[in-house]
Every structure is written in structure tokens, then in C-alpha cells.
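Take a look at the structure below.
The values are calculated or read from the model by the stated rules, or taken from the named source; none is laboratory data. As the structure is a computational prediction, the values presented were derived from the model and not from experiment. As a convention, Cβ positions derive from the backbone with ideal geometry for all residues, glycine included, and neighbour counts pool all protein chains shown. Please note that ligands, DNA and RNA were not included when accessible areas were found on the heavy atoms of the full protein model with its side chains. Shrake-Rupley method; radii C 1.70, N 1.55, O 1.52, S 1.80 Å.
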Amino acid sequence: MAFVQNLPFICILISLFTGPLSSILDGKTAKKLNLVMITAVGIMSAMVLAFTISSGTSYTYMMGHFPAPWGNEIRVGVLEALMATAFSVIMLLCIVGGSKEREEELESTKQNLYYIMANLLFCSLLALIYTNDIFTAYVFVEVNTISACGLIMIRQNGHTIEAAMRYMIMSLLGSGLLLLGVCFLYDLTGHLLMSNIKEQVQILASTGEYQIPLLVCITLMTVGLAIKSALYPFHTWLPDAYGYATMSSSAILSSLVSKGYIILLIKIFYRVIGIDVIRASKITNVLFVLGLIGMVMGSVNAIRENNIRRMTAYSSVAQIGYIYMGLGLGSEIGVIASVFHILSHAVSKALLFVSASGITCASGKNKDFASLTGAGFRNRLAGIAFTVGSLSMVGFPMFAGFISKFWFAQAAFENADHTKTFLALLVLIISTVLNAIYFMKTVIRIYTPATALAKERNYQNITIRQQAPKSFAMICFVAMNFLLGMCSEPIMKLIQSGLEMFG
């Protein structure tokens, strides 16, 4: 075994142990440790990605000396390495971009607590990406939930405590359903390793045995992860959680946390149950319908908002709907489009939250639209960055969101079910129009000359140097958006190759 094949396990270990280690460090040292750890994981993940591309195959890594079914494994392929690399870069930029706000909003005694939660959350995301054991996945789902809840409520005000409680209640409901599904599936198959479960499920499917219990397992796990990833109508916890947390927490939650659950769901579809059995169960039809409703209702709620953070949060409901719509199409190209949109949305939504913070800072930290008038002139880089993120979400050519919508439309055209084709294209058009209404309304607002109210409040201009870490993050996110929009073909090929390895 080549040394590079050990790196995924090393990444999980170092991110796991830096969490408790941060508890004995002061805030500044914990921050440096966090940044070093994420950078190291990103470099190692890129090395693993290069290795899997060159080898053209996936591999399993046995932890300890005990083979299956007693031991535990992680599985590494092109898709896993690609996601780990992308998540590392996005996590790093979110932490860097929100550093000034965290120092202002958090007490000095709680600075290191933030990095404990951030490190454990990052560890759980890596574990969800790499694990080949369904129960281990559940364990890290819970680690992810508790860490995310800590990131929300660490500001310790009424809004964040209420949001964290709501998030915890909904997440625990989703986790409970997932655990029930895992337990029933273990009872049916006698295995916890994903590859072994799939072999037994294929036997059950071919013999016709235990079809109703198997359908119950699929339903429980799917609904559990749908709740945790905020698929409509299970999204009620999301606006407050994203709208009132610290900026970096909102960016991490919206761009990464919900995506980790969706990646696990895709692994369950392909590596645990088998995509043919999933299609036969018709669960994809339910996801398709809920995805379409989410695409519209998330945008409608965003239009009704007068707070830029909550508007951006509701936008995530719509974008999660896109991902589930692609999964619900039930075709390979639909899943490829959904996986690409995971990357596209992660980059664009993190950019929107970071740039929205820059806009509000130039507006006396007010988040209502009236106060944001002319903010694009007061903080030019943040205004440009927010415009780029908005154009991407609308689906303007050259940006990442355009490629996502193009592939969703392509997947709809190639679908054998003409009803799904019609509905997907119709809702895609309606959602795009709704996206344009609330995002372009905001862009026009920030580039409208300042009102008398804004002049009276004497808002200050903010230069790039005054917000150097945030500026660095925004520039990198803009560059990544252009990269996904202009160089999407090789990324699509990597995703397709990774899904083929999944199967």
C-alpha cells in the first residue's frame, strides 16, 4: 500500500484530535491550530485526489487489525477525494473570512470553544465522506449535529439559543429516523459495512423477500437525512439558524453541513441499497416532488424577507430543492447534476454570506434593505462579490450556477418519464425567475445611491485593507465560482468517474 493511501485516515484523526486539543489553548492559538489543520487536510486531500485519478480505481482502508465484519473501513475514490478537497478549501475560507466578526461577537473566553466545535464538525464531514460503515456514519452524523448546534448558539443571545434549540429538535428527529433505519437494515442483512449490506440487499431484491421491511428502511433513512439537510417542508429550523449565527458559522452551515448529509444519502443510494433497488422503491418520486416544491417555496419566502441574512438563508431552501430534484429524476445525469450543484452551491452560498457581512458592516451592521441602500459603493469589493454570488444563483452564464441549471435541464430532457421532464423544466424556469427577483432586487438596492437616512447615519466606507481576511476569502470564492463556471467539463468527468466507482 502506498503511503498516500493512509492520508484520508490521517486527515480524520488530526481533525478529531485538534478539537479536544483546542480546549487547553487560548483563542488565538486555537485559531492558528485550526487554520494549520484545515490547510494540511486540504493538501493531503488533494494528494489523495491526484492518486485516485492516476490509479483510476477506488480502494478500502482497514482500520486496525480486524477485517470485516468485525473491523471498520473507510473507502476512498475520486468522488470522495474531490469532496474532501473542496470542503477543506471552503471551510478554510469561511473561517478566514469571518475572523473579524468572531473576535467582535464572541467573548474572549469562548474563542477556543468555537474552534473545538469547528474542528469536530470538520472531522465529522470528512468521516461522512470517507466511511464505509453505516453505523460509523450515524455516529458522525450525531457529532456533526452537536458541533453545528454549538456553532449556532455560541453567541449566547436570545435569537441564537432559540435557533439552536429548534435546530437540535429537528436534527434529533432526523437522527432518530436514520438510526431506526440503520437498525432495521442490520436486522435484515446482519452487516454494517456498506459493501456487505449491498450484497445482501441485492439477494433480498432478487428473491423478493422482506420487501416491505426493506422499503421501511429506505424510507426511514431517506426522510431522516432529508430533515437534517432541510428539504422542504423540513426546513423550518434553517432561517433562524443561518440568519442569527456568526457569519462564519452561517457560511459553514449553509455551504457544508447540509451537503454532508446529502453526500451520505447518495452513498446510501449507491453503496448501501443499490440504485436499481432505490428506483424500484419509487422513493425518488417523493424526493422529486418535494424538491420541486422547495425550489418554489424557498424562493417565495426569500422574496418576502426584508433581512439580507434571512433572505440568503431561505435561498438555501430553494437550492437544496434543486439537489433533491436532480436525485429524484432517478437518472445518472440527474445525480451528476446534483453532485455538481453541491459544489456550486457551497461556493456561491459561502460567497454570499461573506459578502453580505461586508455589506452590512458598511451599513452600520444593519441587515434591513433600507439600510443597505448604496452599500455597494461603500464597500466595493463586497458589492462586487455579492453580485457575482447572486448572478451565480440566478444562473447567469460564466458562473457556477449556470452550469448546474444547464445540467439539470439536460437531465430533465433525457428523462424517460415525460411528466417529470415537463415538471422539472417548468419549475426550473419558475424558480430561476423567482431567484432573479430577490437577488437582483438586492443587487439593485446596494447600488442605488444612498438615501437621506443613510447619509444622516454617516455610514463609513470600507476598503480592501480594512477587511483584509474577508477580502481574501471573497476574492478566492469569486475565483472558484468562475473556475466551476468556465472549467466545468473536467469536474463533471471526475464526478461521473466517482459515481461509477460508487456503483
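Numerical summary
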quantity: Among the listed pairs Lys198/Lys493; Lys32/Lys267; Lys28/Lys267, those beyond 27 Å (Cα-Cα); calculated: Lys32/Lys267; Lys28/Lys267
quantity: In degrees, nearest ten, helix 78-97 long axis to first principal axis of the chain (Cα); calculated: 20
quantity: Globularity ratio of region 314-408, using Cα Rg and 2.2 N^0.38 Å; calculated: 1.22
quantity: Protection-proxy order for peptides 19-25, 473-479, 171-177, each taking the mean of Cβ atoms within 10 Å per residue, highest first; calculated: 473-479, 171-177, 19-25
quantity: Distance violations [Cα-Cα > 29 Å] among Lys31/Lys405; Lys349/Lys441; Lys228/Lys349; calculated: Lys31/Lys405
quantity: In range of the label at Ser195: residues from region 272-293 whose backbone nitrogen is under 13 Å from the point 7 Å along Cα→Cβ; calculated: 272
quantity: Of all accessible heavy-atom area on the chain, the percent that carbon and sulfur account for (1.4 Å); calculated: 68
quantity: Nearest 10 degrees, 0 to 90: helix 111-130 Cα axis against the chain principal axis; calculated: 40
quantity: Computed Rg/Rh of region 390-503, alpha carbon atoms with Kirkwood Rh; calculated: 1.12
quantity: Ellipsoid semi-axes in whole angstrom, largest first, where each is sqrt(5λ) of the Cα gyration tensor of region 124-241; calculated: 32, 15, 9
quantity: Taking the convex hull of Cα positions in region 99-153, its mean projected area over all directions (nm²); calculated: 3.8
quantity: Environment charge at Ile437 (Cβ cut-off 15 Å; Lys +1, Arg +1, Asp -1, Glu -1); calculated: +2
quantity: Packing-based order for 278-286, 262-270, 232-240, using average beta carbon neighbours within 10 Å, highest first; calculated: 262-270, 232-240, 278-286
quantity: With Cα atoms, 0 to 90° folded angle of helix 158-189 axis to the chain main axis; calculated: 10
quantity: Full-extension gain in nm, Met398 to Leu425, via 0.36 nm per residue minus C-alpha separation; calculated: 7.6 nm
quantity: Cα-derived Rg to Rh of region 236-281, Kirkwood definition; calculated: 1.22
quantity: Values of log10 I(q)/I(0), in the order q = 0.09, 0.11, 0.13 Å⁻¹, for the chain under a Debye, Cα-only, solvent-free model; calculated: -0.58, -0.88, -1.25
quantity: Vicinal HN-Hα couplings computed from phi for region 10-18 (Karplus, 6.51 cos²θ - 1.76 cosθ + 1.60; Hz; Gly/Pro x); calculated: 5, 4, 5, 5, 5, 5, 5, 7, 6
